[in-house]
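> If you scroll down you'll find the structure; I have some questions about it.
The values are calculated or read from the model by the stated rules, or taken from the named source; none is laboratory data. In this text the structure is predicted, and so the values were computed from the model without any measurement. Note that we place each Cβ from the backbone using ideal geometry, even for glycine, and neighbour counts take in every protein chain shown. Remember, those area values only see protein heavy atoms, side chains included, never the ligands or the DNA or RNA. Shrake-Rupley method; radii C 1.70, N 1.55, O 1.52, S 1.80 Å.
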Amino acid sequence: MVSHANSDRNPAPEVPSASLLDGLRALTRVLMPVAAGGAIVRRPRMMLLSQKAGLDKRAVRTMQHLRDRYGPGPVQVRMPWRRFTFLLEPDQVHRVLNESPEPFSPSTREKRGALGHFQPEGVLISSPEERTVRRPFNEQVLQPQRRPHEHGQRMHEVVAEEMNALLDHARLSGTLDWPVFATAWHRMVRRVVLGDTARRDHAVTDDLLRLRKDANWSFLKPARTRRRQRFLERLADYVERAEPGSLAQMVARTPGPEGTAKHHQIPQWLFAFDAAAWATYRALALLATHDGHAGTAREEVEAAGAGADFPYLRACILESLRLWPTTPAILRDTTQATTWAGGMLPAGASIIVFAPYFHRDHARISRAHRFTPDLWLRARTDEDWPLVPFSGGPAMCPGRNVVLHTAGAALAQLVSAEEFTLVDPPLSPRRALPGGISPFHLRFRLSGP
Ligand code: HEM
């Protein structure tokens, strides 16, 4: 068991360190593919390469090797510039997520380097003091506990309009591919977050994309302060406009104590909606290839009223995120020394929860590599095996409810209007699902309802 107490009088030995070879393996097989795929903006070619080479499964195997060799861990990989610490057991994951932001701070060195390019005052990279006002503000606007969100009905209407426009477009060619889906998605996101007049404001998405590309290079690229300023001012304009039914309206009317930096919270929302696009599009691929599931989804949509929340479709999105987590590495920095079963971990260590290792461990989860939405149809607790697509604890994604509502509504609109056949690449319920799949290369044929 893990001891939570620290004692200076009885200094414990440090948690085990991996051998040089195992450390290099963890670096090159677990962490480097995440960075190469693009931590902030995905690189489609790298994603395809990784899918074809099976790099995601290899990363999970590398983690399993670390557990067999160094468990229960955690295990450190000590590099001259950084001390990476991999969690190997479920109780460690629950502990670290529940004990954030102190002693396990979500504002890690790597995140500050990357996110500083476009959201220097975002809650994720805030100090513990700033977090005390920014986190509640995010929760008041995004309403993680309220299902559906206060603007749920309006969100549903916007999603339905944009998905219908998407379907009209796709029907012209009889196919649906990523660029068409992404364009419709971005329109939908701008309307939900900023308001209807932002529908055609591609410039705001383009500015963010440019800044995010720099963010992939973290501290290695200097910040484009002028572009960032222009982008943030544009967001402030939308907040001032406060269009009815938008999140910008909620930002405008939600009080924020000094230090909240209200409109500075929005870049994370716009950015993170990309992950929801991948999850939704991949869920569509799962429904298209698994007999019976699309039928269950259609029945749910028919039975529910307009603006409803769709539990089964929400479970399909969560399952898409379990199989292919969009935040594969959840990071924390230790703000003080902590004690573990395997020894002490000093302050300043980087802790890594590698989600695919927990989500895809066939030794611990039956049907780990199969599409199993049922896994999500009951509430999960800390006693359960950690499935953490939205992280957990006090820094858990406050946007999860908005995500599942909008993504569920999008899937509902698509599957109830058309029969989708996945053209490329093949996925089969009879084979283990791939460790990773590039959403950018999924293509569907439409063949009527
Ligand atoms: C599929 C889509 C999404 C996934 C999988 C996801 C997942 C996550 C994860 C893993 C974190 C990191 C938490 C941590 O470090 O422990 C996070 C943070 C956050 N997410 Fe999401 N997210 C998604 C979409 C969104 C959306 C659309 C919004 C807003 C509308 C949002 C708002 C936030 C915020 C504000 C944080 C920072 C929370 C904090 O530091 O306290 N997310 N999300």
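> After finding the eigenvalues of the alpha carbon gyration tensor for region 1-137, what semi-axes result from the square roots of 5 times each, listed largest first in whole Å? Could you put the intermediate results ahead of the total?
Values: eigenvalues 137, 127, 33 Å².
Whole-Å semi-axes of the equivalent ellipsoid: 26, 25, 13.
> Here's something else I'd like to know. Give the accessible surface of the chain per residue, rounded to a whole number of Å², with probe radius 1.4 Å and ligands, DNA and RNA excluded. The partial results should precede the final answer.
Numbers: 18920 Å² over 449 residues.
For the chain, the per-residue accessible area is 42 Å².
> Only Cα pairs within less than 10 Å get springs; with that Gaussian network setup on the chain, which residue of S438, S19, S50 has the largest fluctuation?
Per the Cα network of the chain with a 10 Å cutoff, S19 tops the list.
> Go through K111, K57, K213 and list them by solvent-accessible area, largest first, probe radius 1.4 Å. Before the final figure, lay out each step's value.
Values: K111 35, K57 70, K213 95 Å².
From most exposed to least exposed: K213, K57, K111.
> Here is a further query. In whole percent, and with a 1.4 Å probe on the protein chains, what portion of the accessible area of region 20-446 is carbon and sulfur?
On the way: 9190 of 17190 Å².
Here carbon and sulfur together make up 53 percent of the probe-accessible area.
> How far is the Cα center of region 39-80 from the Cα center of region 262-281, in Å?
Each part's Cα centre sits 25 Å from the other's.
> If packing is taken as the mean number of other Cβ atoms within 10 Å per residue, what is the order of 265-277, 131-143, 312-324, highest first? List each step's numbers first, then the result.
Details: 265-277: 22.5, 131-143: 19.5, 312-324: 25.6.
My ranking of the peptides, most packed first, is 312-324, 265-277, 131-143.
> Any idea what the alpha-carbon Rg over 2.2 N^0.38 Å comes to for region 323-376? Spell out each step's value before the answer.
Numbers: Rg = 15.0 Å, N = 54, 2.2 N^0.38 = 10.0 Å.
That works out to 1.50 for region 323-376.
> Among the lysines, select those whose C-alpha is under 19 Å from the C-alpha of K111, and discard any that sit fewer than 8 residues away in the same chain.
Straight-line reach from K111, under 19 Å: K213, K221.
> Put L124, L387, L411 in order of accessible area, largest first, 1.4 Å probe: what do you get? It would help to have the intermediate numbers written out before the result.
On the way: L124 45, L387 25, L411 0 Å².
Descending order: L124, L387, L411.
> Under the rule a/c < 1.5 gives rounded, and otherwise a/b versus b/c splits prolate from oblate, where does region 77-191 land using the Cα gyration tensor?
Numbers: a/c = 2.40, a/b = 1.78, b/c = 1.35.
Because a/c hits 1.5 or more and a/b exceeds b/c, region 77-191 counts as prolate.
> From the convex hull of the Cα coordinates of the chain, what is the mean projected area in square nanometres?
Values: hull surface 83.6 nm².
Computed as one quarter of the Cα hull surface, the answer is 20.9 nm².
> Give me the distance between the Cα centres of region 173-224 and region 301-359, rounded to whole Å.
With region 173-224 and region 301-359 each reduced to a Cα centre, they are spaced 24 Å.
> Turning to a different aspect of this structure: What list of ³J(HN,Hα) values in whole Hz, one per residue of region 337-352 in order, does the Karplus curve 6.51 cos²θ - 1.76 cosθ + 1.60 (θ = phi - 60°) give from phi, with Gly and Pro shown as x?
Karplus values, whole Hz, x for Gly and Pro: 5, 10, 10, 10, 4, x, x, 9, 10, x, 5, x, 7, 8, 9, 10.
> Under the rule of -39500 (n - 2.57) per DSSP H run of 4 or more residues, summed and divided by the residues of the chain, what mean residue ellipticity at 222 nm is obtained, to the nearest 500 deg cm²/dmol?
-15000 deg cm²/dmol
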